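Beneath this line is the structure, given in structure tokens, with notes to follow.
The values are calculated or read from the model by the stated rules, or taken from the named source; none is laboratory data. The structure displayed is predicted, hence computed values, not measured ones. Virtual Cβ from ideal backbone geometry, glycine too; neighbours counted across all protein chains shown.
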């Protein structure tokens, strides 16, 4: 089959995260039709994760092309660029406070960013409750999307923006994510200025990190007077069941953590003892480096589906830059196949370079030096940073 013109093609994006929605927005801004399919039953089906820093040299570029940069700055928190490095006693060893007009990487809650993108799309762009099971059809198209509800949809281009365990990826690559050996355990704190003032003061208005070489933590101020804390540990994927515990067994998990962090100061251990609700286990995975595939005129990937890396401040930024470049390639190419080749020609080398720089970097989060501070490519970030 001859590759169709983008203006007369059926473009299907799998995944309504920031990457997929950014791609859809820019395509619609340039007059191209697109449909986004997402497995969630609706936009409010689950918690969208913590806070993200969108960088001027990638994520903000995408928002500018999407015509949403001013709206982003109206929601963003420049004060969230504050960073603190502490030792296990809670003593600040490094403190970076942004200038009053600093906008290089302001923070925004992931849910706020998603809502901004969703609200910018034409009605009915996103089809909720569509969990992709597989893709069939010839490489040169058209392709068939098979969903869990039994429906099948024919399309000319499938864009995999469906994250770490992408159902689109197998259409072009046999690669699967591998566990890094490091896991995050998420804890929540709400109404922190009133209920947890000591923790609010400890974390500040941005992020704070500490580590001792074997374990660490990373805390983020979110909007709405919330803080999320991620306890960082070497642990196998099944560490909870291996310890005879259950995911909702908060007391048992807390006791284990208090033993592991026994030599940390009482103030720092309050980040373990005072959280609200259950801990959330988030093992870290990464794709092999490099991750490339033979070009297909009917399938491509962006974000974590293409280049899953440790959550070190680049995930959503790269996904949104991918989305922007793919959408612009489609808007300017003679055929869909030409657009995919143009996009992958720049995306794959860029993502390979970054993935090599971060290969094995999950271990850095346990370093007592916490080298991420002052280095955007290694700063801990929201482990929900999947697009």
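Annotations
- Test for residue 129: is it closer than 30 Å to residue 4 by Cβ, surrounded by 14 or more Cβ atoms within 10 Å (Cβ to Cβ) and at pLDDT 95 or above: yes
- Qualifying residue in region 292-304 (condition: within 21 Å of the chain's Cα centre (by Cα), at pLDDT below 95 and in a loop (DSSP other than H, G, I, E, B)): no
- Residue check for residue 242: surrounded by fewer than 19 Cβ atoms within 10 Å (Cβ to Cβ), without any contact (Cβ under 8 Å) to a residue 12 or more places away in the chain and within 16 Å of residue 182 (Cα to Cα): yes
- In the set (1) out of contact with any helix residue (DSSP H, G or I) (no Cβ under 9 Å at 6 or more places or on another chain); (2) closer than 22 Å to residue 367 by Cα; (3) not in a strand (DSSP E or B), residue 255 fails one condition alone, (2).
- Residue count for region 337-362, restricted to those that are farther than 20 Å from residue 65 by Cα, over 22 Å from the mean Cα position of the chain (by Cα) and crowded, with 20+ Cβ neighbours inside 10 Å: 1
- Number of the exception - residue 198 against (1) touching a residue at least 40 places away in the same chain (Cβ under 8 Å); (2) touching a strand residue (DSSP E or B) at 6+ places or on another chain (Cβ under 9 Å); (3) over 20 Å from residue 363 (Cβ atoms); (4) surrounded by fewer than 21 Cβ atoms within 10 Å (Cβ to Cβ): (2)
- Residue within region 170-183 that is surrounded by 14 or more Cβ atoms within 10 Å (Cβ to Cβ), closer than 18 Å to residue 84 by Cβ and touching a residue at least 60 places away in the same chain (Cβ under 8 Å) present: no
- So residue 263, is it more than 30 Å from residue 338 (Cα to Cα), modelled with pLDDT of 95 or more, surrounded by fewer than 19 Cβ atoms within 10 Å (Cβ to Cβ) and out of contact with any helix residue (DSSP H, G or I) (no Cβ under 9 Å at 6 or more places or on another chain): yes
- Flag if residue 192 is touching a helix residue (DSSP H, G or I) at 6+ places or on another chain (Cβ under 9 Å), within 30 Å of residue 5 (Cα to Cα) and surrounded by 15 or more Cβ atoms within 10 Å (Cβ to Cβ): no
- Residue in region 327-346 that is without any contact (Cβ under 8 Å) to a residue 12 or more places away in the chain, more than 15 Å from residue 158 (Cα to Cα), assigned to a helix (DSSP H, G or I) and out of contact with any helix residue (DSSP H, G or I) (no Cβ under 8 Å at 6 or more places or on another chain) present: yes
- Among the residues of region 45-102, the ones that are in a strand (DSSP E or B), surrounded by 16 or more Cβ atoms within 10 Å (Cβ to Cβ) and either on the phi > 0 side of the Ramachandran plot or out of contact with any helix residue (DSSP H, G or I) (no Cβ under 6 Å at 6 or more places or on another chain) (or both) come to 7 in all.
- As a summary of the residue check, residue 29 satisfies the conditions (1) touching a helix residue (DSSP H, G or I) at 6+ places or on another chain (Cβ under 9 Å); (2) surrounded by fewer than 23 Cβ atoms within 10 Å (Cβ to Cβ); (3) modelled with pLDDT under 95 except for the one numbered (3).
- Subset of region 5-38 (residues that are more than 19 Å from residue 301 (Cα to Cα) and in a loop (DSSP other than H, G, I, E, B)): 5, 30, 31
- Subset of region 226-239 that is in a strand (DSSP E or B) and touching a residue at least 40 places away in the same chain (Cβ under 8 Å) - its residue that is surrounded by the most Cβ atoms within 10 Å (Cβ to Cβ): 230
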